[in-house]
Each structure stands twice: as structure tokens, then as C-alpha cells.
Amino acid sequence: MCEEKMDKIKEFIKDQLLVKIFKTREEMGKNAAQDVAKKISEIIGEKGKVNIVFAAASSQNDFLNELAKCSDIDWNKITAFHMDEYVGLDYDAPQKFGNYLNKHSFNKVNFRKVYYIDEKGKSPEELII
């Protein structure tokens, strides 16, 4: 479940953007995961499925870890894509963003399908359609 809301230090609107400030990055990640989980469930309720592009960076750790804990998300109705990738690294290099997302998200829940940019070590030229 993803229901526990974190206490914000401050919340305000700047140029039509809702800004929320939290005491810790962990609390911010938990709140973001709860907000995203709610939106995912709304879209699945309306459309029956959802496609999501995931970013890979250490700034996403708390968010991804908390999102994976959201048992009320119907993960098998989500198709996942990873957003970007390094060129020239070995397929199993730990620095690859796809490998990062496997560790922090894709291997933690049962997605309908996961699409990777660098499919099985192919070069960028081989991936051009």
C-alpha cells in the first residue's frame, strides 16, 4: 500500500508549478511514489493499461524503491520503457541505465512488458529503424 503521506515543510505554487519541500530526500521520494501510484491507478481504471518511461539516476532511488512497494498498483497492466542509455558499454556493465533500472525497479515488480533502449548489446546503428 502507498497511503502514508509525509509531512511537508512547505508547499507553494510558483509560476503554476506546485512545489513541495520535505525534510529528507527519502520523504520526498515516498510522497512522489504515492502521488504517482495514485495517478497510475487512475489511468489503469480509465484506459485499462499505462505506458511509463523511467529515468535512471541516483536521484530516483528513493522514489523507485517506494513505488515498487505499492502493492495496490496493478503492475501487469504497465508497459515500462527506460529513458536513456550510454553508448559503447558492455551489455552487462553496471553503469548501464537499463541495468540500474533492473536493480531498482524492473526486477522488483511484475510489469506487463519492459522495453530497453540497448537490446542485448546491439550498437546504436543496429537499433535504428
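When the pairs K30/K113; K39/K113; K38/K77; K39/K96; K20/K108; K20/K77 are compared against a 22 Å limit on Cα-Cα distance, K30/K113; K39/K96; K20/K108; K20/K77 fall above it.
Extending 7 Å from Cα along the Cβ direction at M83 and again at K14 yields two label points whose distance is 1.9 nm.
Values [x] 13.8, 42; [y] 16.4, 49; [z] 13.0, 37 are given for comparison; Rg and Dmax of the Cα atoms in Å, derived from the coordinates here, is the one labelled [y].
Simple rule: put +1 on each Lys or Arg Cβ and -1 on each Asp or Glu Cβ in the chain, find the dipole, and look at G88, N99, I43; the Cα lying farthest toward the positive end is I43.
Computed in the context of the full set of protein chains, the accessible area of region 25-108 at 1.4 Å probe radius has 50% of its extent on carbon or sulfur.
Applying a DSSP loop filter and a limit of 14 other Cβ atoms within 10 Å to the chymotrypsin sites (Phe, Trp or Tyr not before Pro) in region 1-90 leaves Y86. Based on protein heavy atoms only, the chain ends up with 68 Å² per residue of surface accessible to a 1.4 Å probe.
Length available on full extension from E125 to K49: 0.36 nm per residue minus the Cα-Cα distance, which gives 24.2 nm. Placing unit charges on the Cβ atoms only, positive for Lys and Arg and negative for Asp and Glu, gives the chain a dipole magnitude near 320 debye about its Cα centre.
Put a dot 7 Å past the Cα of T24, heading toward its Cβ, do the same for Y115, and the two dots end up 3.7 nm apart.
The values are calculated or read from the model by the stated rules, or taken from the named source; none is laboratory data. All values derive from a computational prediction rather than experimental measurement. Using ideal geometry, Cβ is built from the backbone for each residue, glycine included, and neighbour counts are taken over all protein chains shown. Note: accessible area is taken over every heavy atom of the protein model, side chains too, but ligands, DNA and RNA are not part of it. Shrake-Rupley method; radii C 1.70, N 1.55, O 1.52, S 1.80 Å.
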